[in-house]
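Reading through the structure tokens given below for one structure.
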Amino acid sequence: MAEEYIVLIREPEWDPSTVSEDDWKAETAAHAAFAQAVADAGAQILGGDALMPTSTAVKITPGRDGAPAVFTDGPFTETKEYVTGYYKIGVRDAAQARELAALVPTGGWVELFPVMDTNSM
């Protein structure tokens, strides 16, 4: 593949303990269909995961000028939508990345970022 992209899945906060078995099966099937669409397009899923809710996350502000790092336990109240998962995809070009990102199953939206090739710098 010529290019790599990260697709961030942004949705309202969720609690995995409240998701029914049928809903899990439906979500799994939707993501399997996305994976098949990527393969059918000749592209690749290079990685990806669902993320736990922000109640389990930690915001870290690195230490600066001798001050220690600051750790803030979630949940975070600054926003109503969160990154709930991501995919890393390998595609032939930006147009294909856009087409495939538009197929990601979500109740919110996705953000598409090209991965910087730091090896060529």
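Below are the figures for this structure:
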read-out: Residues of the stretch 27-49 satisfying the condition of being assigned to a strand (DSSP E or B) and under 15 Å from the mean Cα position of the chain (by Cα); value: I45, L46, G47, G48, D49
read-out: Residue among W14, W24 that is outside any strand (DSSP E or B) and surrounded by 12 or more Cβ atoms within 10 Å (Cβ to Cβ); value: W14
read-out: Residues of the stretch 69-121 satisfying the condition of being farther than 24 Å from D40 by Cα and in a strand (DSSP E or B); value: V70, F71, T72, D73, E81, Y82, V83, T84
read-out: P75, sole failed condition from (1) in contact with a Ser or Thr (Cβ under 6 Å, 6 or more places away or on another chain); (2) under 11 Å from Y5 (Cα atoms); value: (2)
read-out: Residues satisfying the stated conditions in the stretch 48-65, i.e. at negative phi and surrounded by 12 or more Cβ atoms within 10 Å (Cβ to Cβ); value: A50, L51, M52, P53, T54, A57, K59
read-out: Answer from P68, P75 - the residue that is closer than 23 Å to E111 by Cβ and either exposed (fewer than 13 other Cβ atoms within 10 Å of the Cβ) or not charged (D, E, K, R) (or both); value: P75
read-out: Number of positions in the stretch 106-121 that are over 11 Å from the mean Cα position of the chain (by Cα) and either within 22 Å of W24 (Cα to Cα) or surrounded by fewer than 13 Cβ atoms within 10 Å (Cβ to Cβ) (or both); value: 9
read-out: Verdict on Y82 being in contact (Cβ under 8 Å) with a residue 24 or more places away in the chain, out of contact with any Leu (no Cβ under 7 Å at 6 or more places or on another chain) and within 25 Å of P114 (Cβ to Cβ); value: yes
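Residues are listed down the side, and each one gets a yes or a no for (1) at pLDDT below 95; (2) in contact with a strand residue (DSSP E or B) (Cβ under 9 Å, 6 or more places away or on another chain):
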residue: E11; (1), (2): yes, yes
residue: P16; (1), (2): yes, yes
residue: I45; (1), (2): no, yes
residue: A57; (1), (2): yes, yes
residue: G66; (1), (2): yes, no
residue: E78; (1), (2): yes, no
residue: R98; (1), (2): no, yes
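The values are calculated or read from the model by the stated rules, or taken from the named source; none is laboratory data. Just so you know, these numbers come straight off a predicted model, no measurement behind them. All Cβ positions, even for glycine, are placed from backbone atoms using ideal geometry, and neighbour counts span all protein chains on display.
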